[in-house]
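Q: For reference, the structure I am asking about is given below.
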Amino acid sequence: MSLTLLSWNLKGSKGVDVRAVVDHIEAMAADVVVLQEVQRRQARAIARSLGAVSQRWGFKHWPIRTWPEGMAVIGVTRPARVRTYAITHPWVLWSWRRRILQVAAVRLDVDGGTVITLVNVHLSSGNAAAIRAVEAGAVVRRIAERRRPAVVAGDLNDRPGSDVYTRFEKAGLRDVWAILRPDDPGPTNWQGWVPGTPKPPTRRIDYVFVSDGLDPVSVSVPRYGDPAFAPFASISDHLPVTATVAATGAPR
């Protein structure tokens, strides 16, 4: 019983290369995809191209000058039942500072069995550490309410060792990358990104966490210097993180 999850902040306001995104999702054989900074029409196009069994987009904010921005959970091979919650500036619908969570129920295996809670996150950016801490608390509460094994995936806008990261650890959430690749920095983001930049990403701010009841099996990020890496520098300022998790004690 295992599930492969892919998380990607697509910076949809700059446009999305749907074909390139779909090609990578298919290459990773993702069962479920969580997207941040994606417009509704972009999420629908990706889901349709994947032949996904479910797709749910959540409204984050409407910048007026372009299409509304949001987050999405796409069930490629496993249907996901999804609810969206506003957690920061809930009534300021036009502000990029507004933040949401998507909380989904997903079956770990195709034939039924274990249901897990999947939380798609995109926490506040910049110097808003105190706000991120409150948002992290909202994530932890949603998980506790459901009393199921959980996966948290997305853009924390903070580095390993930060207050948010530590808060998740204290809540029993484990960083899949740190478990499987403790000596690898695994950067996922370009600060001050310019599309097509030849520079390497420098920060790890995108994560997959798992709770008790789930074990990490594998995790990967496109690697700077690999022959196929160059297109990722044009798609978004973030790299996709792909992780496979399994029920504790399940055969791998």
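The values are calculated or read from the model by the stated rules, or taken from the named source; none is laboratory data. Nothing here was measured: the structure is a model prediction, and the numbers come from that model. Neighbour counts run over all protein chains shown; Cβ positions are idealised from the backbone, glycine included.
Q: Filter segment 74-87 for residues that are under 16 Å from GLY51 (Cβ atoms) and either out of contact with any Ser or Thr (no Cβ under 9 Å at 6 or more places or on another chain) or touching a residue at least 40 places away in the same chain (Cβ under 8 Å) (or both); which is surrounded by the fewest Cβ atoms within 10 Å (Cβ to Cβ)? Talk me through it step by step, then tell me what you get.
A: First pass over segment 74-87, keeping only residues under 16 Å from GLY51 (Cβ atoms): 74-80.
Right, trim to either out of contact with any Ser or Thr (no Cβ under 9 Å at 6 or more places or on another chain) or touching a residue at least 40 places away in the same chain (Cβ under 8 Å) (or both) and you get 74-78, 80.
Details: ILE74: 27, GLY75: 23, VAL76: 24, THR77: 15, ARG78: 21, ALA80: 25.
Out of the qualifying residues, it is THR77.
Q: Of everything in segment 204-218, what is closer than 20 Å to ALA144 by Cα, small (Gly, Ala, Ser) and either out of contact with any helix residue (DSSP H, G or I) (no Cβ under 8 Å at 6 or more places or on another chain) or part of a strand (DSSP E or B) (or both)? Give them in sequence order.
A: GLY213
Q: How about segment 68-86: which of its residues are of a type outside the set (Lys, Arg) and closer than 21 Å to ILE116 by Cβ? Step through it out loud before you land on a result.
A: Pass one, segment 68-86, residues of a type outside the set (Lys, Arg): 68-77, 79-80, 82, 84-86.
Within segment 68-86, MET71, ALA72, VAL73, ILE74, GLY75, VAL76, THR77, PRO79, ALA80, VAL82, THR84, TYR85 meet the criteria.
Q: Okay, moving on. I'd like the full set of residues that are touching a Pro at 6+ places or on another chain (Cβ under 8 Å) and within 22 Å of LEU123 (Cβ to Cβ), limited to segment 33-78. Step through it out loud before you land on a result.
A: Our first condition is that a residue be touching a Pro at 6+ places or on another chain (Cβ under 8 Å); within segment 33-78, this holds for 39-40, 53-54, 59-62, 69.
Once the filter is applied, which keeps residues that are touching a Pro at 6+ places or on another chain (Cβ under 8 Å) and within 22 Å of LEU123 (Cβ to Cβ), segment 33-78 yields GLN39, ARG40, PHE59, LYS60, HIS61, TRP62, GLU69.
Q: Looking only at segment 141-158, count every residue that is outside any strand (DSSP E or B) and under 15 Å from the mean Cα position of the chain (by Cα) and tell me the total.
A: First pass over segment 141-158, keeping only residues outside any strand (DSSP E or B): 141-149, 156-158.
Then drop every residue that is not under 15 Å from the mean Cα position of the chain (by Cα), which leaves 156-158.
Counting residues in segment 141-158 that are outside any strand (DSSP E or B) and under 15 Å from the mean Cα position of the chain (by Cα) gives 3.
Q: Looking at segment 1-22, is at least one residue more than 22 Å from SER234 (Cα to Cα) and part of a loop (DSSP other than H, G, I, E, B)?
A: Narrowing segment 1-22 to residues more than 22 Å from SER234 (Cα to Cα): 1-5.
Okay, now just the ones that are also part of a loop (DSSP other than H, G, I, E, B), so 1.
Yes, segment 1-22 contains at least one residue that is more than 22 Å from SER234 (Cα to Cα) and part of a loop (DSSP other than H, G, I, E, B).
Q: Scan GLY161, GLY225, GLY172 and give me the residue that is closer than 27 Å to GLY12 by Cα and either buried (at least 19 other Cβ atoms within 10 Å of the Cβ) or over 15 Å from the mean Cα position of the chain (by Cα) (or both).
A: None of the others qualify; the one that does is GLY225.
Q: Can I ask one more? Output the residue which, of all residues in segment 95-105 that are in a strand (DSSP E or B) and not polar (S, T, N, Q), is surrounded by the most Cβ atoms within 10 Å (Cβ to Cβ). Working first, answer last.
A: Taking segment 95-105 first, the residues in a strand (DSSP E or B) are 99-105.
Remaining after also requiring not polar (S, T, N, Q): 99-101, 103-105.
Numbers: ARG99: 27, ILE100: 21, LEU101: 23, VAL103: 23, ALA104: 23, ALA105: 15.
Filtering first and then ranking leaves ARG99.
Q: Which ones in segment 6-54 are within 21 Å of VAL115 (Cβ to Cβ), surrounded by fewer than 24 Cβ atoms within 10 Å (Cβ to Cβ) and touching a residue at least 40 places away in the same chain (Cβ under 8 Å)?
A: ASP31
Q: Take VAL164 and decide whether it is under 19 Å from ILE131 (Cβ atoms) and either in contact with a strand residue (DSSP E or B) (Cβ under 8 Å, 6 or more places away or on another chain) or part of a strand (DSSP E or B) (or both). Talk me through it step by step, then tell me what you get.
A: On the way: under 19 Å from ILE131 (Cβ atoms): yes; either in contact with a strand residue (DSSP E or B) (Cβ under 8 Å, 6 or more places away or on another chain) or part of a strand (DSSP E or B) (or both): no.
Spelling it out, it is not the case that VAL164 is under 19 Å from ILE131 (Cβ atoms) and either in contact with a strand residue (DSSP E or B) (Cβ under 8 Å, 6 or more places away or on another chain) or part of a strand (DSSP E or B) (or both).
Q: Scan segment 157-175 and report the pairs whose first residue is modelled with pLDDT of 95 or more and whose second residue is of a type outside the set (Asp, Glu) and assigned to a loop (DSSP other than H, G, I, E, B), with Cβ atoms within less than 6 Å and a gap of 6+ or a chain change.
A: Partner pairs satisfying both residue conditions: ASN157/LEU123; ASN157/SER125; ASN157/ILE205; VAL164/LEU156; GLY172/SER211; LEU173/SER211.
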